[in-house]
Amino acid sequence: MLLDSVRLNFDCVDPALLGHFWSAVTGYQVVTNEAALVRLQGRALRVGELVFREVDRWKAAPNRLQLDLLTDDLEAETERLVGLGASPAGEAGAEGERRRLLRDPEGNEFALVEAPGRPRRVTRRPSASRRGARRPPGDSAPEPGGGNAGDGNGGEEVA
């Protein structure tokens, strides 16, 4: 029986370089940090582990398996990943799809895809009613900062 977790293995020349790069990209925690093996654990990609294993040979051509990382802000995420060591590899995508190809520090291609129709990340700040000040039932006066107890956001402002 298969377990409900997935592990992705990456053959690479420098496991530490790639392991720490992908840890910074995904927020996964380094749980094994050896010269020939780096193992990360997390849930951000709905993949339990990312494993980077040292190999004697590797192919310089684009890898056959490509990760597509979905984002709600293609420009900002591209800038962040390039700052971590990724390099631009071109634009691609079907009509209506924004896709940017990047390479990790060993040249493996992956893509950032702006997910159309997906809600953007929002930051929520507790309203006055969440901090203890209560309004009478049925009072829909705006909360300080623009939130409204009857706006479907639980009185929280959506930035």
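The values are calculated or read from the model by the stated rules, or taken from the named source; none is laboratory data. As the structure is a prediction and not an experimental result, all values here were calculated from the model. Every residue, glycine as well, gets a Cβ built from its backbone with ideal geometry; the counts of neighbours run over all protein chains shown.
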| query | Any chance region 69-78 includes a residue that's in contact with a Phe, Trp or Tyr (Cβ under 8 Å, 6 or more places away or on another chain) and either modelled with pLDDT under 95 or aromatic (Phe, Trp, Tyr) (or both)? | reply | yes
| One residue from 16, 44, 24 being in a loop (DSSP other than H, G, I, E, B) and within 22 Å of the chain's Cα centre (by Cα) | 44
| remark: Picked from region 5-42 (must be closer than 15 Å to residue 67 by Cα and among the aromatic types (Phe, Trp, Tyr)), the residue surrounded by the most Cβ atoms within 10 Å (Cβ to Cβ) is 22
| said: Looking only at region 75-100, how many residues end up being over 15 Å from the mean Cα position of the chain (by Cα) and closer than 21 Å to residue 13 by Cβ? | reply: 3
| Can you name every residue in region 86-112 that is under 16 Å from residue 72 (Cα atoms), at pLDDT 90 or above and surrounded by fewer than 16 Cβ atoms within 10 Å (Cβ to Cβ)? | none
